[in-house]
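Participant: Please see the structure below; I have some questions.
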Amino acid sequence: MTGGTGGPIRRSASVRRLAAIGVTLIVLLSPFLWLLQMSFKSNDLILQFPPPLIFTPTLENYASLWQGAFPASFVNSLMSASFSTALALVLGVPAAYALSRWAGRGKHALSFAILVTRMAPPIAFTIPFFLFYRWIGLLDTVTGLVLVYTSFNLPLVIWMMQPFFETVPRSLEEAALVDGAPTRVVFLEIVLPMVAPGIAATAILCFLYAWNDFFFALILTRTNARTAPVAVVNFMNYEGWEWGKIAAGGSLVMAPVLVFSLAVRRYLVSGLTAGAVKG
Amino acid sequence: MSGKGLVDAERRRFNAIALAPSLIVLFAIAGLPAIYLVVTSLTPFQLVNPGSSTDFSSPLRNYRLLPGDPRFVNSLWVQAKLSFWGVLFQVLLGMLLALLLHTQSRVVEFARTFFLIPMVLPPIVVAIIWKLIYTPDISPLYYVAGLLNIAMPSLTSSVDFALTAIIIADTWEWMPFTFLMVLAALQTIPDEFSEAALVDGANRFQIFFYITLPFITPILVISGMFRLIDSVKAFPLVFLLTGGGPGSVTEVTNYYAYLLAFDFNEIGYSSAVTIVLLLLVVAVSFGVVWMGRRREALE
């Protein structure tokens, strides 16, 4: 979305503007940086007043995380986010292709379904999922999380992939079809390789959505399938707040997000607004 | 199109096979839960009372109770306040930030990415960050206030400031979104307009009010509506910062529904609360689609 062609008046950024941008950036990011620096402080240092800005960083918070149940929750997060992404791609990519090549009436019905699943408050899904899962024994399982994450990743895939398929020239497909290749072969061998970057971007966004979830994991898991975001919050307990662990755990939870979202920042707006305006 | 009959039939079969699994799965994991939620909302279902899940003797009982439930009515007001101020600040600050960063420079283009960080962080990490800032013992904010001799109340446990504390955190988290949308809109404004205005001797404020603002107004409205729809999802902030309190000054409808279902075991009643919230969100969503279509028609 950034970097449009009809750019602004060609003027380079003035020193005053650069200074204003720098100050704004520091102010905006200071809360985030505060958490990060805290993760490298021992608990004594964290509680020291005034807070020391220059200190010898320690990895003891990360080390203590490694010893507890946190790594298991991290693996749960990885598994539920990856599997739900894979499932949504396998189901959604062919569907998006079919929709982009077919101007049938189903298009609007599906757009509407996408709209509602994207916009609905999560609690609307939690209550039914909780009751179903309790009934069929999927509470506190990674499988249960994968299914619920797929409910919002599948619409995202269908919505995000359509514009990518639109960019593939129809003449290419038609030539192959006239030569007698079945649509399935055209799709798999000609179209799919051309939209590979789009699939990568969509996959990362799906992963992030599932990874960032707190609400579903809070309600649908207990111990076995507990994800990293819920595990971090559990460091805030009645015996006292383990701020060092909270800061280190929070930093670990946000690490993949920061890396991935830089990779797909061009697609962030379309991913975040999936299914609304184009409905 | 003549002579393509065979190809068309084959194509249709492919489309059907490609679409069917998605439609079936979507129906199973989104459609059925929605239907089940409606069914549950018609019962006095409590988890501790198994027979209650199939008691349809008084289907509209939950809905009749809603208007007389002060906590529900209050939660709508809290949500309205949170949404109104949050959206207002996010749109205004996002616009200012976009204007500041709308310039051609390698450095600035590089810097833009860092402004997006709050939006992409996991919501629970955002909540943790603000919990740090609002906890007097360890907060840099309280330290600075102490240096300046300002008496800071405990924000998240104060009746007067708790909601403001959440609005500030929500604004921090989502201002990058409106920033990104407005920046994209700014980049579609043709240079000729402001160049011509500059030649005619217009100053920067005139260019802003007569050229830039009319151009970006639709995107301001649409990004505001997006934020309005999503503002019901401020759950992690409420959960971690205030727990809905003090009293119920920060208890938004989403949070009340959560408490009803998973703390008070009132599944049926919570479902009814959720349905009302869902209807409100769908109504706003339709507004966005309608405006989006109107905008496309105008272009």
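The values are calculated or read from the model by the stated rules, or taken from the named source; none is laboratory data. Please read all numbers here as calculations on a predicted model, not as lab measurements. Neighbour counts run over all protein chains shown; Cβ positions are idealised from the backbone, glycine included. Quick note on the areas: whole protein, heavy atoms, side chains included, nothing else; ligands and nucleic acids left out. Shrake-Rupley method; radii C 1.70, N 1.55, O 1.52, S 1.80 Å.
Participant: Once the convex hull of the alpha carbons of the protein assembly as shown is built, what does its volume come to per residue, in cubic angstrom? Please list the in-between numbers first.
Facilitator: Details: hull volume 108.2 nm³, N = 578.
Normalising the Cα hull of the protein assembly as shown by residue number yields 187 Å³.
Participant: Follow-up question, since we're still on this one. Please give the calculated 222 nm ellipticity per residue for chain A, where each DSSP H segment of at least 4 residues contributes -39500 (n - 2.57) and the sum is spread over every residue; nearest 500 deg cm²/dmol? Provide the component values of the computation, followed by the final result.
Facilitator: Numbers: 13 runs with 185 residues, N = 279.
The helix-only estimate for chain A comes to -21500 deg cm²/dmol at 222 nm.
Participant: With a 1.4 Å probe and every protein chain left in place, work out the accessible area per residue of the protein assembly as shown in Å², rounded to a whole number. Can you show the working numbers first?
Facilitator: Values: 25960 Å² over 578 residues.
Dividing the accessible area of the protein assembly as shown by its residue count gives 45 Å².
Participant: Obtain the radius of gyration and the Kirkwood radius of segment A:215-262 from its C-alpha atoms and give Rg over Rh.
Facilitator: 1.03
Participant: Further question: Which value, in Å² rounded to 10, gives the accessible area of A:Val232 with a 1.4 Å probe and all protein chains present?
Facilitator: 0 Å²
Participant: Once neighbouring chains are kept in place and the probe is 1.4 Å, which whole percent of the accessible area of segment A:165-279 is contributed by carbon and sulfur?
Facilitator: Details: 2810 of 4730 Å².
On segment A:165-279, the fraction of accessible area on carbon and sulfur atoms equals 60 percent.
Participant: Here's something else I'd like to know. Nearest 100 Å², what total accessible surface is buried between chain B and chain A (probe 1.4 Å)?
Facilitator: Summed over both sides, the interface buries about 8800 Å².
Participant: If you keep only loop residues by DSSP, which chymotrypsin sites (Phe, Trp or Tyr not before Pro) in segment B:1-101 have at most 11 other Cβ atoms within 10 Å of their Cβ?
Facilitator: For chymotrypsin sites (Phe, Trp or Tyr not before Pro) across segment B:1-101 that sit outside H, G, I, E and B with at most 11 neighbouring Cβ atoms in 10 Å, the list reads B:Phe56.
Participant: Taking +1 at the Cβ of each Lys and Arg and -1 at the Cβ of each Asp and Glu, which of B:Leu163, B:Thr253, B:Ala9 sits farthest along the dipole of chain B towards its positive end, judged by Cα position relative to the Cα centre?
Facilitator: B:Ala9
Participant: Could you give P(r) for chain B, binned at 10 Å from zero, as whole percent values over all Cα-Cα pairs?
Facilitator: That works out to 5, 19, 24, 23, 17, 9, 3, 1, 0, in percent per bin.
Participant: Cβ under 13 Å from B:Gly244's Cβ, B:Gly244 left aside: what net charge do those residues give with Lys, Arg +1 and Asp, Glu -1? It would help to have the intermediate numbers written out before the result.
Facilitator: Working: positive: B:Arg71; negative: B:Glu251, B:Asp263.
Neighbour charge sum, excluding B:Gly244 itself: -1.
Participant: Return, ordered by residue number, the residues of segment B:8-52 whose backbone nitrogen is under 13 Å from a label point located 7 Å along Cα→Cβ of B:Ser58.
Facilitator: Counting backbone N atoms under 13 Å from the label point, the list is B:43-45.
Participant: Determine the residues within segment A:178-209 where the difference in accessible area between the chain on its own and the full set of protein chains amounts to at least 50 Å²; count protein heavy atoms only and use a 1.4 Å probe.
Facilitator: Buried by 50 Å² or more upon assembly, which counts only protein chains, are A:Thr183.
Participant: Specify the longest stretch of chain A that does not include any exposed loop site, a site being one of the chymotrypsin sites (Phe, Trp or Tyr not before Pro) with a non-H, G, I, E, B DSSP assignment and at most 15 other Cβ atoms within 10 Å.
Facilitator: No qualifying site falls inside A:56-237, the longest such stretch.
Participant: Which helices pass in chain A if a helix is a full DSSP H run, must span at least 18 angstrom along its long axis by Cα, and must have mean Kyte-Doolittle hydropathy not below 1.0?
Facilitator: Those that pass (Cα extent of 18 Å or more, hydropathy at least 1.0) are A:15-38, A:70-100, A:123-136, A:142-166, A:196-212, A:243-263.
Participant: How big is the convex hull of the Cα atoms of segment A:149-233, per residue, in Å³? Before the final figure, lay out each step's value.
Facilitator: Numbers: hull volume 9.1 nm³, N = 85.
Per-residue hull volume (Cα only) is 107 Å³.
Participant: Another question, then. Net charge near B:Asp170: determine it from the other residues with C-beta under 11 Å of the C-beta of B:Asp170, scoring Lys and Arg +1 and Asp and Glu -1.
Facilitator: 0
Participant: Size of the dipole of the protein assembly as shown about the Cα centre, Lys and Arg at +1 and Asp and Glu at -1 on the beta carbon, nothing else charged, in debye to 20?
Facilitator: The calculation lands at about 820 debye.
Participant: With the calculation restricted to Cα positions, what are the radius of gyration and Dmax of segment B:183-299 in angstrom?
Facilitator: 21.5, 68
Participant: Scanning chain B for helices, which whole DSSP H stretches are 30 Å or more long along the axis (Cα) and average 1.0 or more by Kyte-Doolittle?
Facilitator: Those that clear 30 Å and a mean of 1.0 are B:70-101, B:162-186, B:267-298.
Participant: Of A:Ser261, A:Ser64, A:Ser30, which has the largest mean-square fluctuation in a 10 Å C-alpha GNM of chain A?
Facilitator: Among A:Ser261, A:Ser64, A:Ser30, the largest mean-square fluctuation in the Gaussian network model of chain A belongs to A:Ser30.
Participant: Please find, in a Gaussian network model of chain A (springs between Cα atoms separated by less than 10 Å), the residue of A:Gly249, A:Gly68, A:Gly198 whose mean-square fluctuation is greatest.
Facilitator: Largest GNM mean-square fluctuation: A:Gly68.
Participant: Accessible area of segment A:42-130 with a 1.4 Å probe: how many percent of it is carbon plus sulfur?
Facilitator: On the way: 2900 of 4100 Å².
Solvent-exposed carbon and sulfur of segment A:42-130 make up 71 percent of the total.
Participant: Taking the Cβ of B:Leu42 as the centre, find all other residues whose Cβ is under 12 Å away and add up their charges (Lys, Arg: +1; Asp, Glu: -1).
Facilitator: +1
Participant: What does the convex hull of the alpha-carbon atoms of chain A project to on average, in nm²?
Facilitator: 20.9 nm²
Participant: Using a 10 Å cut-off around each Cβ of peptide B:9-20, what is the average number of partner chain Cβ atoms that fall inside?
Facilitator: On the way: counts 0, 4, 8, 4, 3, 10, 10, 2, 4, 14, 12, 4.
Going residue by residue through B:9-20 and averaging, the value is 6.
Participant: Using a cut-off of 15 Å between alpha-carbon atoms, which aspartates and glutamates can reach A:Lys107, once sequence neighbours fewer than 8 places away in the same chain are excluded?
Facilitator: A:Glu166
Participant: Shifting gears a bit: At 222 nm, what helix-only mean residue ellipticity would chain B give, in deg cm²/dmol to the nearest 500, using -39500 (n - 2.57) for each DSSP H run of four or more?
Facilitator: Roughly -22000 deg cm²/dmol at 222 nm, from the helical runs in chain B.
Participant: Please say if segment B:1-105 is rounded, prolate or oblate, where rounded means a/c under 1.5 for a ≥ b ≥ c the square roots of the C-alpha gyration tensor eigenvalues, and otherwise the choice is prolate for a/b larger than b/c and oblate otherwise? Don't skip to the answer; put the middle values down first.
Facilitator: On the way: a/c = 3.86, a/b = 1.12, b/c = 3.45.
The shape class here is oblate.
Participant: State the answer as a single residue: which of A:Thr126, A:Pro94, A:Leu65 lies farthest towards the positive end of the charge dipole of chain A, with beta carbon charges of +1 for Lys and Arg and -1 for Asp and Glu, about the Cα centre.
Facilitator: A:Pro94
Participant: I would also like to ask the following. Keeping the other protein chains in place, figure out the carbon and sulfur percent of the accessible area of segment B:192-255, with a 1.4 Å probe.
Facilitator: C and S atoms contribute 65 percent here.
Participant: When chain A is treated as a GNM, springs tying every alpha-carbon pair under 10 Å, which of A:Thr227, A:Thr85, A:Thr56 comes out with the largest mean-square fluctuation?
Facilitator: Of the options given, A:Thr56 has the highest mean-square fluctuation.
Participant: Given the convex hull over the Cα atoms of segment B:152-242, what projected area results after averaging over all orientations, in nm²?
Facilitator: 8.0 nm²
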